[in-house]
1. Within the range 57-76, track down each residue that is among the charged types (D, E, K, R) and either surrounded by 16 or more Cβ atoms within 10 Å (Cβ to Cβ) or in contact with a Gly (Cβ under 6 Å, 6 or more places away or on another chain) (or both).
2. So, in the range 174-226, of the ones that are among the β-branched types (Val, Ile, Thr) and assigned to a helix (DSSP H, G or I), which residue ends up surrounded by the most Cβ atoms within 10 Å (Cβ to Cβ)?
3. State yes or no: is Phe84 free of Cβ contacts under 8 Å to residues at least 60 places away in the same chain, farther than 12 Å from Thr46 by Cβ and crowded, with 18+ Cβ neighbours inside 10 Å?
4. Restrict the check to the range 28-49 and report whether at least one residue is surrounded by 18 or more Cβ atoms within 10 Å (Cβ to Cβ), in contact with a Phe, Trp or Tyr (Cβ under 6 Å, 6 or more places away or on another chain) and among the aromatic types (Phe, Trp, Tyr).
5. Does the range 205-220 contain any residue that is touching a helix residue (DSSP H, G or I) at 6+ places or on another chain (Cβ under 7 Å) and of a type in the set (Val, Ile, Thr)?
6. I'm checking my understanding of the structure. Among residues of the range 95-125 that are acidic (Asp, Glu) and in a helix (DSSP H, G or I), which one is surrounded by the most Cβ atoms within 10 Å (Cβ to Cβ)?
7. If I go through the range 134-148 residue by residue, how many of them are touching a residue at least 24 places away in the same chain (Cβ under 8 Å), surrounded by fewer than 17 Cβ atoms within 10 Å (Cβ to Cβ) and out of contact with any Leu (no Cβ under 7 Å at 6 or more places or on another chain)?
8. List the number of the failed condition for Leu131; all other conditions in (1) free of Cβ contacts under 8 Å to residues at least 12 places away in the same chain; (2) out of contact with any helix residue (DSSP H, G or I) (no Cβ under 7 Å at 6 or more places or on another chain) hold.
Amino acid sequence: MADVPALPPADVYVLGERHDNPDHHRAQAALIARIAPTALAFEMLTPAQAARIGPDTARDAALGARLGWEASGWPDFAMYLPVFQASDAPVVGAGGDDPRDLSAFALDAPLPGAEQAEREAEQMAAHCDALPEDLLPRFVASQRERDARLAAATLEALAEHGAPVVLVAGNGHARTDRGVPYMIRQAAPDVRVIAVIQGEGEELPPGDVQLTSEAPERGDPCDAFR
């Protein structure tokens, strides 16, 4: 806990990560222990998966199998286990495509031209310049919808459990200029949000708090596109 900063008071904390960095998950666990949230929401879980974690469910290595984590496509559950163990608060599934009312997030409003172009360029770079250009608007729209879904689930948890609520999500969703914090501001401007972005020495997207740790050994992610 000495390795992470004390965070300002907030109703919602969005704790970002690079999904495959164990140090990011250890930092999230330390932050969660300090925050003592009323609910712990995960981008990585659907509501159906989260429902498998009851008040008496052991938060141990066997939890991964209970959640069907291995088949979900997320990195090794052992990296995420400290995050689950950092709090005994109810677990909320913020991921998936379950029906949610997203009308408060103005998803039908087009983005300004320059912002749309910037987001499309980011999507192309994130996919190793391997996407057909005509698919880029769809990828941008999908990212906006995912941010809105995560925001909606987090606000539902806040309404049900009270503050503070923690959302664990990737850095792209945690960024304050267009991710979940931005979406929450659109729908509930009185809700206080603190976003933590975690990097590995690179330039990071906007966040209220930015943390840096060493990068783990990893292969070239673009190999999958070759």
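A short reminder: the numbers here are calculations on the coordinates, not readings from a lab. Nothing here was measured: the structure is a model prediction, and the numbers come from that model. In this analysis, Cβ positions are derived from the backbone assuming ideal geometry, glycine residues included, and neighbour counts consider all displayed protein chains.
1. Hit for the range 57-76 is Arg59, nothing else.
2. Here the answer is Val180.
3. Here the answer is yes, as Phe84 does meet what is asked.
4. Scanning the range 28-49, I find no residue that is surrounded by 18 or more Cβ atoms within 10 Å (Cβ to Cβ), in contact with a Phe, Trp or Tyr (Cβ under 6 Å, 6 or more places away or on another chain) and among the aromatic types (Phe, Trp, Tyr), so the answer is no.
5. Checking the range 205-220: not a single residue is touching a helix residue (DSSP H, G or I) at 6+ places or on another chain (Cβ under 7 Å) and of a type in the set (Val, Ile, Thr).
6. Here the answer is Glu120.
7. So the answer is 1.
8. (2)
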